[in-house]
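Structure, as structure tokens:
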2 protein chains.
Amino acid sequence: MAQMTIDTPTRSEMTEARIIAAARRLFVTRNYADVTTGMITEEAGVTKGGLYHHFPSKERLYVTMMLRDLEGKRRMFSRAVEMEGTCRERLARITRDFLELPEEDRELTRLVRRDINIFTDPERDKLVRAYQRALPDLIERIVTDGIAHGELRPGNPRILSWSFVALVEVVIGEYAREALGDSDARLGHVLDLFFHGAAA
Amino acid sequence: MAQMTIDTPTRSEMTEARIIAAARRLFVTRNYADVTTGMITEEAGVTKGGLYHHFPSKERLYVTMMLRDLEGKRRMFSRAVEMEGTCRERLARITRDFLELPEEDRELTRLVRRDINIFTDPERDKLVRAYQRALPDLIERIVTDGIAHGELRPGNPRILSWSFVALVEVVIGEYAREALGDSDARLGHVLDLFFHGAAA
DNA sequence: AAGCAAACCGACCGTCCGGTCTGTTAGGAA
DNA sequence: TTCCTAACAGACCGGACGGTCGGTTTGCTT
């Protein structure tokens, strides 16, 4: 019973995974409202009946998919928080982890901020909290340590971590890759700008 | 004929303005798909017939509303570009102009980035270009001057201007107001972070 | 006052979409 | 093999939404 989750998945688990994977692919490229359940079932190779056997509604499917992804990201990014090293080294680690994610996984992070307003408060709150736990909270802990150790100027750690996330988001996308180069170059740019600013 | 636009507006122009104002109010708070034409007509005090007499579709209404707003912003922000002074002073001016805008006007700027993916390329391109002209292009010109005059380190001006916009967006919203204080404090925070970074 | 075009009304239509429901199939237990 | 439940199929429904269209009002011209 306890080990059932680690051996071969059941048929039910496999179709559920197929549905979630299809939903991920579609929600990344199109708006929530523009992704129909018909598109999801077609992409997943099931029918309406199959989908609604596993998920009670389109909204729950979306939320489940997102929460599962964010929990995975949280576990991954937590390694950078628990790592030894300077504030800059730890921020570099978490940013590199993020930049080297597959594009679909990166884009998914933007969905939370994009679609957060279309849900009402029981589900909305879950999504916000899961996102906070997965990324901003972790960065905030690194930033707080940085301030405590004198590496960063005193200031509001939450605002600083949001600022850092915002700077990272800038170097995602096609133009930044052309202008700055590979992951290392973009990573260096973000860190230099965040730590030392743009002044000469 | 040529001066007709500056004296008392016609009935047609007034209802058109009412419709656009209603659409603005609604689109800021709700998703594009979640704002129905019925809600717009109710808010504007007209009926479906009235709305579709002035606009051929919901999409065109949205685009017209947005383009009109962005053109106004472009004219306003252009004053900071044409102003004399250091790079920091000019960036301060444009940022202050932005921060002191009514909340609805500020939020509207975020709509472009939020809803840009739901339109297809003839209209989508118009929106992107109008937004570029209204804000990032102007900041890029200031940043380019700053690099030329030795105030900023050499670097890609477009990436830098996007970074600046991203930092400004962080200090919008309720939490930043509580944590940092009034417009002046938030403005100072953004400028300090952009010019000198967060390092001690 | 008559005429006329623009402005506006609001019932209506076609479509589409989330969700339901009845039925069928697979697959393990006995 | 038998049987029973979970898994899935797919036709169908209710409703909402964008857009239409024939008719009515408004206000300017002559």
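The values are calculated or read from the model by the stated rules, or taken from the named source; none is laboratory data. Computed from a predicted structure; not experimentally measured. Because the Cβ atoms are built from the backbone with ideal geometry, glycine has one as well, and the counts that use them run over all protein chains shown. Ligands, DNA and RNA are stripped out before the accessible areas are found, and what is left, the full protein with its side chains, is counted by its heavy atoms. Shrake-Rupley method; radii C 1.70, N 1.55, O 1.52, S 1.80 Å.
Miscellaneous remarks
- Against the conditions (1) touching a residue at least 40 places away in the same chain (Cβ under 8 Å); (2) surrounded by 15 or more Cβ atoms within 10 Å (Cβ to Cβ); (3) away from DNA strand D (no atom under 16 Å from the Cβ), B:T64 satisfies every one except (3).
- In segment B:110-119, the condition of being away from chain A (no Cβ under 12 Å), under 25 Å from B:D34 (Cβ atoms) and among the aromatic types (F, W, Y) is met by no residue.
- Given (1) among the hydroxyl-bearing types (S, T, Y); (2) within 16 Å of DNA strand C (Cβ to nearest atom); (3) surrounded by 14 or more Cβ atoms within 10 Å (Cβ to Cβ), index of the condition B:T36 fails: (3)
- Applying the criterion of being of a type outside the set (S, T, Y) and open to solvent by less than 50 Å² (accessible area, probe 1.4 Å) to the residues of segment A:50-61, the residue that is farthest from DNA strand C (Cβ to nearest atom) is A:H54.
- Residue within segment B:34-43 that is more than 9 Å from DNA strand D (Cβ to nearest atom), under 25 Å from B:R129 (Cβ atoms) and out of contact with any His (no Cβ under 8 Å at 6 or more places or on another chain) present: no
- Here B:N156 meets the list (1) over 20 Å from the mean Cα position of the chain (by Cα); (2) facing another protein chain (nearest Cβ under 9 Å); (3) surrounded by fewer than 16 Cβ atoms within 10 Å (Cβ to Cβ); (4) over 14 Å from B:F195 (Cα atoms) almost entirely, failing just condition (3).
- Count of segment A:175-200 residues which are among the hydrophobic types (A, V, I, L, M, F, W, C) and touching a residue at least 60 places away in the same chain (Cβ under 8 Å): 5
- Meets criteria (under 29 Å from B:E178 (Cα atoms), open to solvent by 50 Å² or more (accessible area, probe 1.4 Å) and more than 12 Å from chain B (Cβ to nearest Cβ)) for A:R129: yes
- For B:V46, the stated conditions do not hold, so it cannot be described as of a type outside the set (F, W, Y), surrounded by 15 or more Cβ atoms within 10 Å (Cβ to Cβ) and away from DNA strand C (no atom under 14 Å from the Cβ).
- For segment A:181-200, taking the residues that are over 22 Å from the mean Cα position of the chain (by Cα) and more than 7 Å from chain B (Cβ to nearest Cβ), the one that is farthest from A:R88 (Cα to Cα) is identified as A:G181.
- Options B:I159, B:I172, B:I139, B:I147; residue that is in contact with a Phe, Trp or Tyr (Cβ under 7 Å, 6 or more places away or on another chain) and either farther than 30 Å from A:V35 by Cβ or touching a residue at least 40 places away in the same chain (Cβ under 8 Å) (or both): B:I139
- Evaluated against (1) within 10 Å of the chain's Cα centre (by Cα); (2) assigned to a helix (DSSP H, G or I), B:V143 falls short on exactly one condition, (1).
- Single residue of segment B:1-40 satisfying the filter (at pLDDT 95 or above and outside any helix (DSSP H, G or I)) that is nearest to B:R110 (Cα to Cα): B:V35
Yes/no matrix, rows are residues, columns are (1) touching a Pro at 6+ places or on another chain (Cβ under 7 Å); (2) under 25 Å from A:R25 (Cα atoms); (3) polar (S, T, N, Q):
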{"residue": "A:E104", "(1), (2), (3)": "no, yes, no"}
{"residue": "A:Y131", "(1), (2), (3)": "no, yes, no"}
{"residue": "A:E140", "(1), (2), (3)": "yes, no, no"}
{"residue": "A:L152", "(1), (2), (3)": "no, no, no"}
{"residue": "A:L160", "(1), (2), (3)": "no, no, no"}
{"residue": "A:V170", "(1), (2), (3)": "no, yes, no"}
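- Condition met for B:I94 (crowded, with 16+ Cβ neighbours inside 10 Å, away from every other protein chain (no Cβ under 14 Å) and part of a helix (DSSP H, G or I)): yes
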